[in-house]
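Participant: I'd like to ask some things about the structure below.
The values are calculated or read from the model by the stated rules, or taken from the named source; none is laboratory data. From a predicted model like this one, the values you see are computed outputs, not experimental measurements. Note that we place each Cβ from the backbone using ideal geometry, even for glycine, and neighbour counts take in every protein chain shown. Calculation scope for accessible area: heavy atoms of the full protein, side chains included, ligands and nucleic acids excluded. Shrake-Rupley method; radii C 1.70, N 1.55, O 1.52, S 1.80 Å.
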Amino acid sequence: MPEIISKTARMKLKVGDPAPMINAKDQHGKAVNLADFKGSKVILYFYPKDDTPGCTAEACNLRDNYDDLLDKGFKIIGVSADSAESHSKFTEKYRLPFPLIPDTEKKVIQDYGVWGPKKFMGKSYDGIVRTTFIISEDGKIGQIITDVKTKDHSDQIFKIMGL
């Protein structure tokens, strides 16, 4: 399977590394522990902000292909620094069937190394660099996607995974 490696030095994780543990709550206050997903492949995607064009396209693409992803053995978890209230509104508005972690303290974001310098309209700032980790059934990083195609993310995942 092809591997997409991060283009930046901030990415400390690499394919084959154990995935950092996640012990958080989703937008509804339900516990999300990565250990509970052992035996399943996990699409762990980090995105900058709820209800923005690229983030909405990515979330809706995963939603629209949710059944196919489940059929292939995947579970999905989204993470951003938005609040639980923001995530709740976002999931309700777009009927997202998967948990979103409101990582307002940026613990998971930092553990996965996806916080870093960005540019938008000529301005530089720090933020979440859109990244998807595919975690294997044994809890290791199987793939890292840094060049996320928001409108075609599911197809991108299927292609990278050889499905």
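Participant: Return the residues of the stretch 127-141 that are over 14 Å from P117 (Cβ atoms), part of a loop (DSSP other than H, G, I, E, B) and charged (D, E, K, R); say none if nothing qualifies.
Facilitator: Matches in the stretch 127-141: E137, D138.
Participant: If you don't mind, there's one more thing I want to ask. Which residue pairs have Cβ atoms closer than 9 Å, lie 6 or more positions apart in sequence or on different chains, and pair a first residue in the stretch 55-71 that is closer than 17 Å to F37 by Cα with a second residue that is assigned to a helix (DSSP H, G or I) and open to solvent by 10 Å² or more (accessible area, probe 1.4 Å)?
Facilitator: Correct list of pairs: L69/F158.
Participant: Within the set of pairs 6+ apart or on separate chains, which have a first residue in the stretch 123-145 that is farther than 13 Å from A19 by Cβ and open to solvent by less than 30 Å² (accessible area, probe 1.4 Å), a second that is among the polar types (S, T, N, Q) and part of a strand (DSSP E or B), and C-beta atoms under 7 Å apart?
Facilitator: As it stands, the answer is I128/S80; I145/T131; I145/T132, since those pairs meet every condition given.
Participant: Give the number of residues within the stretch 91-106 that are among the charged types (D, E, K, R) and in contact (Cβ under 8 Å) with a residue 24 or more places away in the chain. Spell out the reasoning first.
Facilitator: So in the stretch 91-106, the residues among the charged types (D, E, K, R) come out as 92-93, 95, 103, 105-106.
Now drop any that are not in contact (Cβ under 8 Å) with a residue 24 or more places away in the chain, which leaves 93, 95, 103, 106.
Residues in the stretch 91-106 being among the charged types (D, E, K, R) and in contact (Cβ under 8 Å) with a residue 24 or more places away in the chain: 4 in total.
Participant: Take the residues in the stretch 28-40 that are out of contact with any Lys or Arg (no Cβ under 9 Å at 6 or more places or on another chain) and either surrounded by 18 or more Cβ atoms within 10 Å (Cβ to Cβ) or touching a residue at least 40 places away in the same chain (Cβ under 8 Å) (or both); name whichever of them is nearest to L70 (Cα to Cα). Explain how you work it out, then say what you get.
Facilitator: First, the residues of the stretch 28-40 that are out of contact with any Lys or Arg (no Cβ under 9 Å at 6 or more places or on another chain): 28-30, 33-36, 38-39.
Among the residues that remain, those that are also either surrounded by 18 or more Cβ atoms within 10 Å (Cβ to Cβ) or touching a residue at least 40 places away in the same chain (Cβ under 8 Å) (or both) are: 28-30, 34-35, 38-39.
Numbers: H28: 21, G29: 23, K30: 20, L34: 17, A35: 18, K38: 15, G39: 13 Å.
Selected residue: G39.
Participant: Just one of (1) more than 20 Å from G39 (Cβ to Cβ); (2) of a type outside the set (S, T, N, Q); (3) touching a residue at least 40 places away in the same chain (Cβ under 8 Å); (4) not in a helix (DSSP H, G or I) trips up D152, so point out which.
Facilitator: Here D152 clears every test but (4).
Participant: Here is a follow-up. Confirm whether E58 is in a helix (DSSP H, G or I) and more than 15 Å from the chain's Cα centre (by Cα). Show your work before the answer.
Facilitator: Details: in a helix (DSSP H, G or I): yes; more than 15 Å from the chain's Cα centre (by Cα): no.
No.
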